[in-house]
Amino acid sequence: MYASREDIGYDFGDDSKVESKPVKLNPNIDGGWAWMVVLSSFLVHILIMGSQMALGILNMEWLEEFNQSRGLTAWVSSLSMGITLIVGPFIGLFISMCGCRKTAIIGGILNALGWILSAYASNVHYLFLTFGVTAGVGSGMVYLPAVVMVGQYFQKRRALAQGLSTTGTGFGAFLMTALLKYLCADFGWRNAMFIQGAISLNLCVCGALMRPLSPRDLVSEKYVPRSNSKDNQAKAPSQSAESVKSNGVLSEELEKKEAATNEEVLGSVQHVEVGGKSGSGRNMYGLRLLKTASQLTVTVRKGFAIWYSSYFGAASLFTNRVFVAFIIWALFAYSSFVIPFIHLPEIVKQYNLSSQNNIFPLTSIIAIVHIFGKVILGIISDLPCISTWNVFLMANFTLVTCILTLPLMQTYVSLTVVCALIGFSSGYFSLMPVVTEDLVGTKHLANAYGIIICANGISALFGPPFAGWIYDITHKYDFSFYISGLLYMVGIIFLLIQPCIQKKQPREKSMEGAQV
């Protein structure tokens, strides 16, 4: 069956049908408390993503401590990184039911618990459960709310806000690498993980800063366009009016249905409570418990209904073909960025460059340039004459080229240049939430971005162990970079082909209609 561009939620042509209506926004939108949310997200990226980028230090400690193969030991880091992202769709369910703030606070406690328990590990398999699963799930419960809240608080400067908040990954990779090196050298890796667990409790403070907006403030992009440039809207895939309308109708129907159920249940409970005022205090206490349970049940049902409809309902995100291509890209992309962080310390050791790398580690170079890459790419993408989609694609082409050429560099200077380019081009991560929101809208950002980071998580989960496994066979990391780079290129090709197909189909149908 033919699917029009409106059906898939994109418009590559004229956006004149979507009129901008003046709306009175919350003063915290694009200002005020919005910058506190950016600060919270920035700190989350330092404590979670930055720590994960520094796991190469702990990976070497685990290799010496447990005397296991590189492939098996790499699974510890991969599980932590992968599960942080893979749980994204399920964290979307938590957000739908209890909001970003509560989800992040619970995740902060769980993440700290995973680090502390890992300090008592007796073997690698113990780390799989404590650090890989426990800390990984906790990280996911903080990471997704941190990204979603920035998207909710910003409309006009969204790319810049996401760029500033995600620079925490670069700062974190630089700071955590130095911190873990110092702690492991002076206190041992076990005490280092215990101290890091205590530091991770600050994630609860970050979660507390995620003040929720009222539903009326969550204005759709249909009314508040991110850019005033019509040319920019025509260049990049954007949300169509019909898609917003269909999704809005579905959500309104769910809300009306649940509201009616809520009033019916609570009304009956209140009636019984009033009639039982003459009864004992025990009965009144039981009625209050029943009322609380009823409210909780309605909240869970409503959250699950919204979450389920986003994935499997009539307005399912998977009916959007360009979004599906975006998922396929995400399945191959992230491992190409993660592999250098995990295995660069070993590669430097093989090339006898440890003395130079100790002065200024290559992973720190990636992290520092990564900070500037995110900010600069965010500023460029917010320019009226620039398409975010095109900036995103160009950064991906640069990164995949660097991944394929890295094995050819065997001097410290050449590795420094390639690592700097990897750091800058990987700044496109700050554009991922923006691109996702442009594709599906603010209302579905939590679930849609949850799917994207889930695909990234699968990539991160299997990438480093695969590289370690290839090394165990060939005693070289070259083929690991070549294979991951080629798979990454396949994902980019999917991004290029799908929009061209969708742009061509409406023209073909219009020509058939003219012939008839």
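If you scan region 364-388, which residues turn out to be in a helix (DSSP H, G or I), more than 24 Å from residue 51 (Cα to Cα) and open to solvent by 20 Å² or more (accessible area, probe 1.4 Å)?
Of everything in region 364-388, those that are in a helix (DSSP H, G or I), more than 24 Å from residue 51 (Cα to Cα) and open to solvent by 20 Å² or more (accessible area, probe 1.4 Å) turn out to be 379, 380.
Each row is one residue, and each column tells you yes or no for (1) open to solvent by 40 Å² or more (accessible area, probe 1.4 Å); (2) farther than 22 Å from residue 60 by Cβ; (3) in contact with a Phe, Trp or Tyr (Cβ under 8 Å, 6 or more places away or on another chain).
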{"site": "119", "(1), (2), (3)": "no, no, yes"}
{"site": "124", "(1), (2), (3)": "no, no, yes"}
{"site": "132", "(1), (2), (3)": "no, no, yes"}
{"site": "150", "(1), (2), (3)": "no, yes, no"}
{"site": "161", "(1), (2), (3)": "no, yes, yes"}
{"site": "165", "(1), (2), (3)": "no, yes, yes"}
{"site": "168", "(1), (2), (3)": "no, yes, yes"}
{"site": "189", "(1), (2), (3)": "no, no, yes"}
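Okay, residues lined up against (1) of a type in the set (D, E, K, R); (2) over 14 Å from residue 143 (Cβ atoms); (3) open to solvent by 10 Å² or more (accessible area, probe 1.4 Å):
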{"site": "34", "(1), (2), (3)": "no, yes, no"}
{"site": "42", "(1), (2), (3)": "no, no, yes"}
{"site": "67", "(1), (2), (3)": "no, yes, yes"}
{"site": "70", "(1), (2), (3)": "yes, yes, yes"}
{"site": "81", "(1), (2), (3)": "no, no, no"}
{"site": "90", "(1), (2), (3)": "no, no, yes"}
{"site": "111", "(1), (2), (3)": "no, no, no"}
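In the set 384, 340, which member is modelled with pLDDT under 75, in contact with a helix residue (DSSP H, G or I) (Cβ under 9 Å, 6 or more places away or on another chain) and in the same structural domain as residue 427 (by the TED database)?
Matching residue, one of 384, 340: 340.
Tell me the residue from 48, 8, 29, 57 that is closer than 29 Å to residue 182 by Cβ, within 26 Å of the chain's Cα centre (by Cα) and at pLDDT below 90, please.
Going through 48, 8, 29, 57 in turn, the sole match is 57.
From the list 86, 95, which residue is open to solvent by 10 Å² or more (accessible area, probe 1.4 Å), modelled with pLDDT under 85, over 18 Å from residue 37 (Cα atoms) and β-branched (Val, Ile, Thr)?
Going through 86, 95 in turn, just one is open to solvent by 10 Å² or more (accessible area, probe 1.4 Å), modelled with pLDDT under 85, over 18 Å from residue 37 (Cα atoms) and β-branched (Val, Ile, Thr): 86.
Being assigned to a helix (DSSP H, G or I) and surrounded by fewer than 24 Cβ atoms within 10 Å (Cβ to Cβ): is that true of residue 434 here?
No; evaluated as a whole, the condition is false for this residue.
Open to solvent by 20 Å² or more (accessible area, probe 1.4 Å), outside the structural domain of residue 174 (by the TED database) and either assigned to a helix (DSSP H, G or I) or of a type in the set (A, V, I, L, M) (or both): is that true of residue 318 in this structure?
Yes; evaluated as a whole, the condition is true for this residue.
So how many residues does region 448-462 have that are open to solvent by 10 Å² or more (accessible area, probe 1.4 Å) and farther than 21 Å from residue 481 by Cβ?
Total satisfying the criteria: 2.
The values are calculated or read from the model by the stated rules, or taken from the named source; none is laboratory data. Source: prediction; values computed, not measured. Here Cβ is always computed from backbone atoms with ideal geometry, including for glycine, and neighbour counts include all displayed protein chains. For the accessible areas, the whole protein counts, side chains as well, though only heavy atoms, and no ligand, DNA or RNA atoms are used. Shrake-Rupley method; radii C 1.70, N 1.55, O 1.52, S 1.80 Å.
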